[in-house]
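Structure, as structure tokens:
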Protein chains: 2
Amino acid sequence: MTERLNRQVLLTSRPAGIPQAEHFDIVAQPVVAPRDGEILVRNIFLSVDPAMRGWVSPVANYSTPVPIGGVMRAYAAGQIEHSADARFGAGDFVTGQFGWQEFATVKADAVIRKVEDTTLPLSTALGVLGMTGLTAYFGLLDAGQPQSGETVIVSTAAGAVGSCVGQIAKLIGCRTVGIAGGPVKRQLCLDEYGYDAAVDYKTPDFAATLDTAIPDGADVYFDNTSGAISDAVLPKMRARARIVICGTASISSWDPWPSGPRVERYLLVKRARMQGILVSDYTARYPEAIRELSAWVRSGALRYREDILDGIEQAPGAIAGLYRGENIGKRLIRLT
Amino acid sequence: MTERLNRQVLLTSRPAGIPQAEHFDIVAQPVVAPRDGEILVRNIFLSVDPAMRGWVSPVANYSTPVPIGGVMRAYAAGQIEHSADARFGAGDFVTGQFGWQEFATVKADAVIRKVEDTTLPLSTALGVLGMTGLTAYFGLLDAGQPQSGETVIVSTAAGAVGSCVGQIAKLIGCRTVGIAGGPVKRQLCLDEYGYDAAVDYKTPDFAATLDTAIPDGADVYFDNTSGAISDAVLPKMRARARIVICGTASISSWDPWPSGPRVERYLLVKRARMQGILVSDYTARYPEAIRELSAWVRSGALRYREDILDGIEQAPGAIAGLYRGENIGKRLIRLT
């Protein structure tokens, strides 16, 4: 086993804004055998997430930035090859922050979830049944608190998180409005994800179509973008609106810190609430959410798309592509 | 009675920013006798509140703006002279939105509170036991949800609302930090309102003294100012912080809409919440709050200052003075 090589994607320089292929390098190191309490995971899918931009940024974030020369932090799904921890055995499928590499030798505590249901594709454990779906689920339901009959508007509405948000909101009886970039994604909102209305923010008449889509405003805004889209949506929020801040995809850099219209008066006059969310705050409730999300996926009530790139050599450029909006659905790297 | 004259402060033009004396005029009209379901109140105290700036603004607000030529909307406390409603009798002390005038003939439903406890000064029914104290009470406790041991930071900390917030936070076991303008107000924070630390935002070393006052950040920010003060405080909020938006005193005009550093990333990274509050959303819970606030005032645990101007002719310029920060404590107009 120690003869085998583990290809890893290392962060080689710190991007000022969105990480590009040139900020990474691929190296090969011997696979490390697990010691007591550790497991050796062969990664099958690597996740590509908008949040990874923050993980390499020197600007304040949830955690310390990935060090220069370190393996890129990433969620992954794989199979245990060797376990030195009683809770896991060889052959188990697991997800965790195993990094952008082919093999991960990690403490068993690094496992987020043992994937025991093998009737759904393993890739879903990183998407609709992984951090993506969980982010949508807790962000919408816990921070957004939508009520049946309310209007929920979603930015990056056809994206991995956004499409889940729109569908869950619809399932609980809300009117749903999606904001997406370009006619293809807009149509996907309507045809695939069941939004009651969808608006293309890239058209010159964005403001007017937004007015038409939410003539009486919106009660919940699930925001993945910040920037000009939010600036157009915020003035239209209704009294006691809930604005869920899940991501800031439209801001290419926070250094220097960008300015925008002050939000205080919108929040004050509407007694609205704006709240940032992080899925890992809900760890204790993952099993409940996974059960519910799985049931919806199985019944066809919750649809998802995947954008699968083949081979670890696709990883370095994959985040930048995400920010260019080139993917449809949850972006993953498949290792073979 | 119909022979008597009622002096009224009318809004005569719409201010672009903060209302000045020149935007008002004082006229005298005959006192109007109450019809069925109405009461005639002789106002004793008129309230001067920062929120009045919003009430005359054409920019989106809670309610329709005061019409040009209309009596200036205002809270007042007075005594009923004549009641044509079974719930009230002559001699009752009441508060309500009776307007900036000597006599108000209004529907009995306009009464916010019958002041039955006459052992505390009637003026307190507009201040520490009125909208001011209630705003502090519900804003801090309901939206801010401070826990014992947490740090609460307050802007306009020596002001009518701010001083209540600081003291209530202290009463429930928080560390309190006040931000006020000038050495006199800063000292008042420390000596009168029991803040653990106070910072003068008008000094050139504001940022450094703020760092010293909240070296580990703050859990709750009760914000009455927006603007540069908030821009300095927001980056220092701790994980799961609550930011209560109560006022925007430092913004002189919302037309054109001012810009500032985008807040989304602060909220996201800290999973913080920013929420606007309006006291009248809590009407059903006023009695509970008044009981608790009254007990604190009686015991000396909750101190307040008043800034009383004599005569209705002081009213037109009184809002502008508030925004210049010339008052210490709750500003009232006393009618004789």
Query raised in the report: Restricting attention to segment A:27-50, does a residue exist that is free of Cβ contacts under 8 Å to residues at least 40 places away in the same chain, small (Gly, Ala, Ser) and under 16 Å from A:Tyr323 (Cβ atoms)?
Result: no
Query - For B:Thr119: the one exception among (1) modelled with pLDDT under 95; (2) crowded, with 24+ Cβ neighbours inside 10 Å - result: (2)
Report summary line: The lone condition A:Thr119 fails out of (1) within 18 Å of A:Val297 (Cβ to Cβ); (2) in a loop (DSSP other than H, G, I, E, B); (3) under 22 Å from the mean Cα position of the chain (by Cα) is (3)
Requested in this report: Within segment B:28-47, work out how many residues are assigned to a strand (DSSP E or B) and surrounded by 15 or more Cβ atoms within 10 Å (Cβ to Cβ).
Outcome: 10
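To keep it simple, each residue is scored yes or no on (1) closer than 26 Å to B:Leu267 by Cα; (2) hydrophobic (A, V, I, L, M, F, W, C); (3) in the same structural domain as A:Asn43 (by TED's automatic domain parsing).
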| residue | (1), (2), (3) |
| --- | --- |
| A:Ile243 | yes, yes, no |
| A:Ala272 | yes, yes, no |
| A:Ala284 | yes, yes, no |
| A:Arg291 | no, no, no |
| A:Ser294 | no, no, no |
| A:Val297 | no, yes, no |
| A:Ala318 | no, yes, yes |
| A:Glu326 | no, no, yes |
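Here's the yes/no breakdown for (1) hydroxyl-bearing (Ser, Thr, Tyr); (2) assigned by TED's automatic domain parsing to the domain that holds A:Arg175; (3) modelled with pLDDT of 95 or more:
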residue: A:Pro204; (1), (2), (3): no, yes, yes
residue: A:Asp216; (1), (2), (3): no, yes, yes
residue: A:Asn224; (1), (2), (3): no, yes, yes
residue: A:Ala232; (1), (2), (3): no, yes, yes
residue: A:Arg238; (1), (2), (3): no, yes, yes
residue: A:Gly247; (1), (2), (3): no, yes, no
residue: A:Ser250; (1), (2), (3): yes, yes, no
residue: A:Trp257; (1), (2), (3): no, yes, no
residue: A:Val269; (1), (2), (3): no, yes, no
Query - Residue in segment B:62-78 that is under 17 Å from the mean Cα position of the chain (by Cα), among the small types (Gly, Ala, Ser) and part of a loop (DSSP other than H, G, I, E, B) present - result: yes
Query raised in the report: Within segment A:256-295, can you find the residues that are of a type outside the set (D, E, K, R) and part of a strand (DSSP E or B)?
Result: A:Ser259, A:Gly260, A:Pro261, A:Met274, A:Gln275, A:Gly276
Report task. Could you tell me whether B:Ala157 is in a loop (DSSP other than H, G, I, E, B), among the small types (Gly, Ala, Ser) and either touching a residue at least 24 places away in the same chain (Cβ under 8 Å) or not assigned by TED's automatic domain parsing to the domain that holds B:Leu46 (or both)? Result -> yes
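Sort out which residues of segment B:228-250 are in contact with a Lys or Arg (Cβ under 8 Å, 6 or more places away or on another chain) and either at positive phi or at the interface with chain A (Cβ under 7 Å from one of its Cβ atoms) (or both), and write them in order of number. Steps first, please.
Initial filter on segment B:228-250 (in contact with a Lys or Arg (Cβ under 8 Å, 6 or more places away or on another chain)): B:237-243, B:248.
Within segment B:228-250, B:Arg240, B:Thr248 qualify.
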Query raised in the report: Out of A:Pro50, A:Pro19, which single residue is within 14 Å of chain B (Cβ to nearest Cβ), part of a loop (DSSP other than H, G, I, E, B) and closer than 23 Å to A:Ser123 by Cβ?
Result: A:Pro50
Query raised in the report: What residue, of A:Thr2, A:Thr64, is among the polar types (S, T, N, Q), over 30 Å from A:Pro258 (Cα atoms) and at pLDDT below 95?
Result: A:Thr2
Report summary line: Condition set β-branched (Val, Ile, Thr) and within 14 Å of another protein chain (Cβ to nearest Cβ), scope segment B:274-300, selection nearest to A:Arg240 (Cα to Cα): answer is B:Ile277
Query raised in the report: If you go through segment A:296-319, how many residues are in contact with a strand residue (DSSP E or B) (Cβ under 7 Å, 6 or more places away or on another chain) and not in a loop (DSSP other than H, G, I, E, B)?
Result: 9
Query raised in the report: Would you pick out the residues in segment B:195-227 that are touching a helix residue (DSSP H, G or I) at 6+ places or on another chain (Cβ under 7 Å) and within 14 Å of chain A (Cβ to nearest Cβ)?
Result: B:Gly217, B:Tyr221, B:Phe222, B:Asp223, B:Asn224, B:Ser226
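The values are calculated or read from the model by the stated rules, or taken from the named source; none is laboratory data. Computed from a prediction, not measured in an experiment: that's the story for all the values here. Cβ: placed from backbone, ideal geometry, glycine included. Neighbour counts: every protein chain shown.
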